[in-house]
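Let me begin by presenting the structure, written as structure tokens, before commenting on it.
Coordinate-derived values only; no laboratory data. Remember, predicted model here, so these are calculated numbers, not experimental data. Cβ coordinates were reconstructed from backbone atoms using ideal geometry, including for glycine residues, and neighbour counts include every protein chain displayed.
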Amino acid sequence: MSYLALMLKNFGEPATALKLVELPSEEPKNSEAIVSMDAVGMHIADGLFVRGREMITRKMPCVPGFEGVGTVSKIGKGVQNLKEGDKVLLPMGTGSMRQELKIHASQLTKVPEPYAPDEQLALITVNGFTAYFLLKDYRKLKKNDWIIQNAANSNVGRYLIALAKKEGIKTINIVRRKEVARELKKIGGTEVIVSSDEFPSKYLSKFLKREIMLGIDAVAGDATEHLAICLGDGSLLVNYGTVTKRPCHISFWTMFRKDISLTGMSTLNGFKTRSKKRSIEIHKNLAKLANQKLLQAKIAKKYSFEDYLLAYDHIDKTGSERDGKVILLPNH
């Protein structure tokens, strides 16, 4: 018996660096499980990793893939927390672009029933933890506090809206396209503002009255300054991405007058402050919210394993060209 896996032998462009290979199926040893992969979430980071631009160390050759959802097909002796047929989430960075995976059962997160569609569960790990850590780790927020974020139509942005609403935290959400405003209001965005030459000056007096103490930036460039202007004195601005591919810019005068701090965010750092047990608890709770349709990603397209190059090409697109998340289906 064998299965297919996507193999990265050397960094480079996906067309030359990746190859679909056949590997021998394995039997689970003590405390191990075999997972049949149902769906893999893909991100811009997947393209960066293949090209050697994502600063994550792995021995070559390796199987790429940061996250995924699968079904337990076999279990070894001593496995008590899982049974065959259970739906499970992989830990981040396991190498999910394969049809089968042998893994220690304690690393898996069992998904409670009834299950959300596979494409929704496949995206919970990377973007779900990112949104959760952004909300929990930088400011102690309470009910009716305000936060402001740009790139609010991104998957992290959508998850952040839903998680904030669940805790009674209000969100100001900056987007580039008018047509997505209604979608974000529907999932719980308190206010949605289309970025223009009038932002932030048109809204500044209203924002300052709210004493917003946390800003979340995924755009960088001048957009960082635009968020900083909206924040209250002594506030924090967290950057987790660079849509513009430019450095974050905050003027000296904005920081000087308002005592604003800027910090970078890595999802991996969020795991360092939590036990493995606590991380799995959070993972399971995120899956429950997906099952309840409270965390919903916008899906652009699903690709079969054989069409992996089309999937990689799709994640390289930006904005409305991509229009949602990309899913790879190893066993379909």
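Relative contact order of the chain, taken over Cα pairs closer than 8 Å and 6 or more residues apart, is 17 percent. Annotation: extensible slack from Ser73 through Thr244 equals 57.3 nm (criterion: 0.36 nm per residue apart, minus Cα-Cα distance).
Put a plus charge on the Cβ of each Lys and Arg, a minus charge on the Cβ of each Asp and Glu, and nothing anywhere else: the dipole of the chain about its Cα centre is then about 1040 debye.
Label separation (Lys202 vs Asn81): 5.0 nm, computed from points 7 Å beyond Cα along the C-beta direction. Mean residue ellipticity at 222 nm, helices only, the chain: -7500 deg cm²/dmol; runs of at least 4 DSSP H residues each add -39,500 (n - 2.57), and the sum is divided by the number of residues. For segment 69-212, a simple Cβ point-charge model (Lys and Arg +1, Asp and Glu -1, everything else neutral) yields a dipole of about 420 debye relative to the Cα centre.
Taking Cα centre as origin and charging only the Cβ of basic (Lys, Arg, +1) and acidic (Asp, Glu, -1) residues, the dipole magnitude of segment 139-264 rounds to 480 debye.
Distances between placed amide hydrogens fall under 5 Å for Ile193 paired with Asn173, Ile174, Val175, all partners being 5 or more residues away or on another chain. The order of the peptides 245-256, 157-168, 23-34 by mean Cβ neighbours within 10 Å, most packed first, is 157-168, 23-34, 245-256. Each of Met7, Met97 was scored by other Cβ atoms within 10 Å of its Cβ. Listed from fewest to most, they are Met7, Met97. Take the Cα of Thr263, step 7 Å toward its Cβ, do the same at Arg58, and the gap between the two points is 2.9 nm.
As a rough footprinting exposure proxy, the listed residues Val194, Val40 were ranked by other beta carbons within 10 Å of their own, and the order from fewest upward is Val194, Val40.
Each of Gly189, Cys230, His249 was scored by the projection of its Cα onto the charge dipole of segment 139-264, and the greatest displacement toward the positive side belongs to Gly189; charges sit on the C-beta of Lys, Arg, Asp and Glu.
Separation of segment 253-330 and segment 6-83, taken as the distance between their Cα centroids, equals 18 angstrom.
Taking 0.36 nm per residue of sequence separation and removing the Cα-Cα distance, the Glu27/Asn10 pair yields an extension gain of 3.3 nm. Between Gln99, Leu20, Leu268, the Cα set farthest toward the positive side of the dipole of the chain (charges on each charged residue's Cβ, about the Cα centre) is that of Leu268.
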